[in-house]
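In what follows, a structure is listed as structure tokens, so that the remarks can point back to it.
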Amino acid sequence: MNPDTAITVTNLKKTFRLPHEQYSGAKQIFVNLFNQNRGFEAQRVLDDVSFEIKKGEFFGIIGRNGSGKSTLLKILAGIYALDEGSVHVNGSLTPFIELGVGFNPELTGRENIYMNGALLGFSRKEMERMYDSIVSFAEIEKFMDQKLKNYSSGMQVRLAFSIAIQAKSDILLLDEVLAVGDALFQQKCYDYFEEIKRSGRTVVFISHDMGAIQTFCDRAILIEKGKKVAEGKPVEVIQEYNEILSASDTFRQELEDTSLLHIGVGGAEVLRAEVINSSGKVVKKVSEGEPFTVRIHYRTSKAITGSVLGIGIMGDRGQSILGPNTKEVSFDAGTLPERGFFEAKFSTNPLSPGTYTLRAGILNTSVTIPYDLVENLAKFTVVGNRRYGDIYIEPAWSNHPTEAKKQ
Amino acid sequence: MNVANIFSRRNRILLRELVITDFKLRYQGSILGYLWSLLKPLLLFFILYMVFVRFLRFGADVEHFAVYLLLGLVLWGFFTEATVQGMHAIVGRGDMIRKINFPKYIIVISSTISALINLVINLLVVFVFILINGVDIKPTILLLPFNILELYVLALAVAFFLSAVMVKYRDIGYVWEVILQGAFYATPIIYPLSMVLEYSPVAAKIMLLNPVAQIIQDSRYNTITRQTITTDSLIANPWAVAIPYIAILVLAAIAGIYFRKNSKYFAENI
């Protein structure tokens, strides 16, 4: 094996035999006695996947839920056995499929540190040396002699994470560790990522957070239905991923249309939303920086004069990114017609690449009572190369020397 | 299963932590805590002693029958505890197995080790009773550790086999409990073997081919009384005497192979 390579995966195949019904008992024995094939369904989870990860690379694996990426990570971690093909790992490897593996709610924080540390290969003595830094990083000094079950979930995650970052292996496998914790904790995670990236260790990273993938990864692959469908720069792979997502979203959208959740006192009803690109076409995908328009169709059952129209654009984690309404600019919509649409036109697209959802509302003039407000009205995707920040606003840059003050 | 790996640094650390955790968790939330590992066999002993020795007059022909009974109960208790805990070990740690890769046999070993620690504590109590009863201490008491080693190997082999079966078929838990229940009476623990011998010498001989019976009787012979009927005193044929040992070796080999073959797939099957 090439000494510069950390992990080589060649023609990897994995099939799960899934029981149709879960009998973990004698009945299953009988069923199987009479018919060897009945009761099981073979499901190919990974189909001929090959790739290579170089030493020091921050390597992303992305894919939809159920695409097989977690299975892939578990095979890399040695948790699952592979059926065909091969996996070569060059160096010591620590997987973080989940934080706090082996944590027991009945043990104290201190005792859990030792257990969790042992799974990472640290002896009691070594853990004692790291103890202070673990505890202070987790910010739970006062609680160390309390049982873990009395910890808040945030405290548990902080403790687990503080232990995890002690791992000194050459290769780290990270699965969605960032899915938990508040913004402050996520920042800590990102700082840690920056640090391991600088330290030149190899990281295999699975996440649905395309922002994180784009920020940290040097290279990424996209897994779809057990096959590797893209490999390369994160930007390009994410673009492929977004295309797969939006293709399947149109289907989901049709299903969801009938069950939109309306909040409001009635009188007006938001019907649907469309995203229109700079050439006037209704699209699911717009480019960053490109002008686009959000069009909201509505109908009214009574004459509404004096209303505030608003839209919201939410990010893939549900965060509210933009929420303009007509009151802010004192736009007067006049009397709403029985059927109509309003438009919010953006002269540039400040959104970074990713998937977004739209919401829209028609409210009274003081913006306190909605006639109608609808969440998850439509999804759309922004494509492009931008890497940092959820939105982009162009600042005016300048650079100056500081005059040294004379004492 | 590479034997050398059991003693690799990482595995030693893990084994130690698992044993400590098991031990701490065992009596979590009970006031008497660890004392229960002494009280339980003693209370059971007290009940059986009242029923069988005082009331039914068992063992009148065996000297120091009370200590003889206690030692049998303690050894049987260890075998039960080690196999039952070992059997549940893999499934019980399923969550861990699904999240991280480590040698699975460590879990089985750790769960039997906490039973072994209990056995040592219980044997100290037996020793106190030996002194109180004025049992004449024989040099063969030095052979007791070998009897215990044999019992441990047997319990470990059973635990390996059952824990792997348990992953696929949870029924084994109930089956094993019934088997243990039956085996308790098929093994000369609460009654002296002489009772069986009077009734049927052949039955007594067959009973002594059971490794657990052989171990318990040998332990009693070595520590308490020469009046104990052991496998090699009752069965003349040296080949037949070897049967319990061969049974343990065969079982250990089968268990090892079965466990090793299945342990790769524990994470998916649990």
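Assorted remarks:
- Considering only A:ILE393, A:SER278, A:ILE79, the residue lying farthest towards the positive end of the dipole of the protein assembly as shown is A:ILE79, judged by Cα position with unit charges set on Cβ.
- Computed magnitude of the charge dipole of region B:7-269 (debye, nearest 20; Cβ of K, R +1, Cβ of D, E -1): 1040 debye
- Phi-based couplings in Hz for region B:154-170 (Karplus 6.51, -1.76, 1.60; Gly and Pro marked x): 4, 4, 5, 4, 4, 4, 4, 5, 5, 5, 6, 5, 4, 4, 8, 10, 5
- Dipole of chain A, positive direction: furthest Cα of A:VAL382, A:GLY354, A:MET130, with charges on the beta-carbon: A:MET130
- Summarising the label geometry, the points placed 7 Å from Cα in the beta-carbon direction at A:GLU243 and A:THR402 lie 4.9 nm from one another.
- Relative contact order, percent, chain A [alpha-carbon distance under 8 Å, six or more residues apart]: 15 percent
- Dipole moment magnitude, nearest 20 debye, region A:262-383 about Cα centre, only Lys, Arg, Asp, Glu C-beta charged: 260 debye
- Pairwise FRET efficiency - A:LEU261 versus A:ARG317, Cβ, R0 = 22 Å, nearest 0.05: 0.70
- Each residue was assigned an accessible area with a 1.4 Å probe, and for A:ARG158 the value is about 60 Å².
- Computed from the C-alpha gyration tensor, the three semi-axes of the ellipsoid equivalent to the protein assembly as shown are 67, 27, 26 Å, from longest to shortest.
- Relative to the longest principal axis of the Cα atoms of chain A, helix A:234-256 runs at roughly 60 degrees.
- The alpha carbons of region A:262-383 stretch over 40, 29, 24 Å along the principal axes, in descending order.
- The calculated FRET efficiency for B:LEU35 paired with B:GLN181, based on their beta-carbon distance and R0 = 22 Å, is about 0.25.
- Across A:GLU328, A:GLU57, A:GLU106, mean-square fluctuation computed from a Gaussian network of chain A (C-alpha pairs under 10 Å connected) peaks at A:GLU328.
- Over 22 Å [Cα-Cα, chain B], rounded percent: 59 percent
- Only helical runs count toward this figure. For chain A, summing -39,500 (n - 2.57) over DSSP H runs of n ≥ 4 and dividing by all residues gives -8000 deg cm²/dmol at 222 nm.
- Added length on full extension, which subtracts the Cα-Cα distance from 0.36 nm per residue, B:LEU42 to B:TRP239: 67.2 nm
- Estimated buried accessible area (total), pair A and B, 1.4 Å, Å² to nearest 100: 2600 Å²
- Spin-label zone in region A:364-386 - amide nitrogen under 19 Å from a point set 7 Å from the Cα of A:ALA303 along the C-beta vector: A:364-365
- Principal-axis analysis of the Cα atoms of chain B puts helix B:172-186 at an angle of about 10° to the longest axis.
- Coarse-grained scattering of region B:63-103 at q = 0.14, 0.16, 0.29, 0.33 Å⁻¹, given as base-10 log I(q)/I(0) from a Debye sum over alpha-carbon atoms: -0.50, -0.56, -0.90, -0.99
- Dipole magnitude of chain A, debye to nearest 20 (Cβ charges: Lys/Arg +1, Asp/Glu -1, about Cα centre): 300 debye
- Reducing region A:198-231 and region A:124-154 to their Cα centroids gives an inter-centroid distance of 31 Å.
- Pairs exceeding a 32 Å alpha-carbon distance, out of A:LYS69/A:LYS197; A:LYS149/B:LYS261; A:LYS281/A:LYS327: A:LYS149/B:LYS261.
- Helix B:243-263 and the longest principal axis of the Cα set of chain B meet at an angle near 20°.
- In range of the label at A:GLU84: residues from region A:219-233 whose backbone nitrogen is under 16 Å from the point 7 Å along Cα→Cβ: A:226-228
- Beta bridges per DSSP with both ends in the protein assembly as shown, % antiparallel, nearest 5: 75 percent
- Dipole of chain B, positive end: most advanced residue of B:ASN262, B:ASN118, B:PRO139 [Cβ charges, Cα centre]: B:ASN262
The values are calculated or read from the model by the stated rules, or taken from the named source; none is laboratory data. Nothing here was measured: the structure is a model prediction, and the numbers come from that model. All Cβ positions, even for glycine, are placed from backbone atoms using ideal geometry, and neighbour counts span all protein chains on display. Side chains included, ligands, DNA and RNA excluded: accessible areas come from the protein's heavy atoms. Shrake-Rupley method; radii C 1.70, N 1.55, O 1.52, S 1.80 Å.
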